[in-house]
Structures are given as structure tokens and as C-alpha cells.
Amino acid sequence: MKIKIYEGFNLEDIINKIEQELGHNYKILYQDKIKVKTKIPFVKKTKHVLIVESTNSSEVKFEDILEEEIKKEEDSALKQNETPFRNYPLIEPEESPKKIEINLDQKVDYEFEEVTKEFSGKAIDLIKMLTEKEVSLNVAKEIVKKGCGLELTSNKLDLKHFTIRESLIEGLKNTLNFKGDIFENINKRKVIAFLGPTGVGKTTNLFKIASNLVLNKKMKVAVLSIDTFKAGAGDQARSYSNILGIPFYLLSDPKKIRETVDDLNFVDVILIDTIGRSHYDHWKLGEIKETLRFLDEIEYMMVVSCNMNTKESVNILEKYQKFFMINYLFFTKIDETIYPGIILNLAYKTGIPLTYISTGQNVPEDLKVLTAERLASYLLRETE
């Protein structure tokens, strides 16, 4: 099933847009109205939401309109609710994990004086290629080293496989932690909360996973949202849940969340959507943790956009790790960048396992398990 979300304030314009893109080859699965706040106090506008199934074979995008609207609404909300920086969290953060250290200097001297003392031949070419993809030089060297052998004539390291791809895959497998599909062969219920700043695609990619679990794995799934801040967020998530035919709850009371999770003992997976917050807002990060404090079995999925720069993403992880034990990394928007070095930099320096990657906007086809082979394809610009 391929679906697409259409939203707007004029129903006639939405229908015209649907027919322009899909002709008459569509079916409306769900229609709803959402009240959206305006800049005028106490005045709301009605937004129409249509969830449409394409009945032809053309590709259908899921998050085009949604991502843009969510980002606009959250950016606007953050601007309207700016508060002075608070240097005290809602709760005392746990002892943070080991501090992340990374060489962020991307002004690489391509004469590679230091590199050429240790490496030779195609190994140097591969290190150069990785740094051009914004992989930190020290990370690139460590990854390439794991795919090398000693070249006897030069007494330096060179790639030990016939192709660069084979050597890169071996280097990635020996340096990064690829967790694989965390929902494969599970023997007990999993409770996963999605964390991340505004605009990385938490909600839409949470429902990509939900769609994959329901449609492809035939698993029983429920979704909880603690995002009671952004107007319309609960309505949108409820619409997606209705399409999939899965339970949905919008909650903010920690005790009710615990009770609800206990009542959902018949499902295989519970996915929790959290509010997108700036990593500089310690108060709000502490508030999220406080809301989820009774869920001892919870695991945390950190969602990071591939088009972020490494320096900012490291900063984000450091701030979030003061409050949460991050179990997994989920990278989004790989289709929006040709410089995916952030994946290698974060995974190598933090040791957090890699799980999934969002490769486009189709649901659930563009949700992929991130493997060494797939990551090598992105780095080498190969099509899958």
C-alpha cells in the first residue's frame, strides 16, 4: 500500500493538487479537520488532512507536505515561546556517558604528509575520498586501516581486497556497530521512544517503522505520543494510526503512561513519539525524561538528519546523553545530501549502534536497515 498525506486550508485546492499528481487513480482513505493556531490570539484556522492511496504504480511520497508543515509550525512555535536560558533542569540528570571527542577540523591537507607515512596506494585514495564526504580524517584513517594489509615492498598499509568497495565494507564492519533490524526475532515486547531536535523527521519516520512492522512483519503495534505542545500533532499521529488500524494514545501524565503500557500487554511493539526540542533547552529535555520516568523497560532511538554538520550533531548528542541512555541511532534524509560523513563520525566516536536509515519518501519502502554494504554504497555514490 502506497499512501500520501495532503494538507491545506482550502479543500478544493487540495483535491486539485491530488488530481494533478495522481489523475483519477487514487482513493481517499481518511479525511479530517484540524484546528491550527494563528498569530492572532484565540483565532484558529481549519486545516484539512486527506490521506490518499495511489492506485497506480507511480511512486508516492509520504512526507513532502508533512515535513514542511511540521517544521514551519515548530519553528513558529519556538519563536513565539522564546524564554531566557535556564541553567537548571526539571530533574537532576544522570551521570553522562563518556564525553565524545572528535576531530572536527575538515581543512584536510591533501598532500597527506602524515597519511603517506603509514598508508600507500589505493588506501590513500580511499582516505581522500572519505574526507571529501566529510568523514573526519582520524575516523577515515581508522576505518581504512581495518581494511588494509601490510604491503611488503613499501612496509606500509594498503587495501587488501581487489576492489575499494570490498575493503571499505570490511573496514566499516570492523569499526562501526551495525545493530541490524532491532525488531527481528524479538521474544518480548519492545518499548522504543524516538528522540531528536525539531525538523529531523521523528514522527514521520516513527510511522515508517510502524507501517513496516504492521504491513510487512504482521506485528501488533501501538503508538503513544507525549507531544502535547504542538497544535495538531496528536491529530496527525492519530490519523496515521487509524490508517494502520493500530492503537494510539496522547498522554502526558507519567502514571497514565505506565498504566497504558501495562494495558497494552497484547502488542509486540510500543513506539513513543516525543516532542522535538532544542538540545540547548535543558528544562524541556528534563521534562521529557520526567514524563517517561516510570518506563523502566524503555529504549531510546536518537534520530539524526544526514544533512546536519558533524559539529552540531555531536553537540546534540552530548546534550541528550545527559538525560537519556541512547540505545540506537536512526539517520534520516540521506537522499538530501551527498556528504554522509556524519554517519561514520557519530557512530565511530560514540559507539552507539546503527539501526535504520530513511532513503526517501515512500512508505514503507524507503525505510532501510543500515548495513556496512548499504553505507558503502552511499559513500561510493552507487545506486541500490
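The values are calculated or read from the model by the stated rules, or taken from the named source; none is laboratory data. Worth saying up front: this structure is predicted, and the values here are computed from it rather than measured. Every residue, glycine among them, receives a Cβ derived from its backbone with ideal geometry; neighbour counts consider all protein chains shown. The area values use the complete protein model at the heavy-atom level, side chains included, leaving out ligands, DNA and RNA. Shrake-Rupley method; radii C 1.70, N 1.55, O 1.52, S 1.80 Å.
Each residue of the stretch 21-26 is assigned a 3J(HN,Hα), and the resulting list reads 7, 10, x, 9, 8, 8 Hz, derived from the Karplus form 6.51 cos²θ - 1.76 cosθ + 1.60 (θ = phi - 60°), x at Gly and Pro. Excluding ligands, DNA and RNA, the accessible surface per residue across the stretch 245-384 is 37 Å² with a 1.4 Å probe. Once the Cα-Cα distance is subtracted from the 0.36 nm per residue extended length, the R293 to D235 segment shows a gain of 18.4 nm. Per-residue extension of 0.36 nm, minus the Cα-Cα distance of N216 and S154, leaves a gain of 17.1 nm for this segment.
If you wrap the tightest convex hull around every Cα atom of the stretch 115-166 and split its volume per residue, you get 65 Å³.
Note that the stretch 162-177 has calculated 3J(HN,Hα) couplings of 5, 10, 4, 4, 4, 5, 5, 4, 4, x, 5, 5, 8, 10, 9, 9 Hz, one per residue in order, obtained from phi through the Karplus relation 6.51 cos²θ - 1.76 cosθ + 1.60 (θ = phi - 60°); glycine and proline are x.
Computing FRET efficiency as 1/(1 + (r/R0)^6) for Y30 and E184, where r is the C-beta to C-beta distance and R0 is 35 Å, gives about 0.70. Percent of accessible area on the stretch 282-333 owned by carbon and sulfur, 1.4 Å probe? It is 48 percent, rounded to a whole number. Of the trypsin sites (Lys or Arg not before Pro) found in the stretch 186-263, the ones in coil according to DSSP and having at most 10 other Cβ atoms within 10 Å of their Cβ are K188, K218.
All C-alpha to C-alpha distances of the stretch 248-308, sorted into 10 Å bins beginning at zero, yield P(r) values of 17, 50, 25, 7 percent in whole numbers.
Extension gain, S252 to E336: 0.36 nm times the residue separation minus the Cα-Cα distance gives 26.9 nm. Taking Cα centre as origin and charging only the Cβ of basic (Lys, Arg, +1) and acidic (Asp, Glu, -1) residues, the dipole magnitude of the stretch 250-384 rounds to 600 debye. Using a probe radius of 1.4 angstrom, the carbon and sulfur fraction of the accessible surface of the stretch 136-239 is 46%.
Which entries of K27/K47; K190/K289; K122/K333; K117/K160 show an alpha-carbon separation above 22 angstrom in the structure shown? Pairs exceeding the cut-off: K122/K333.
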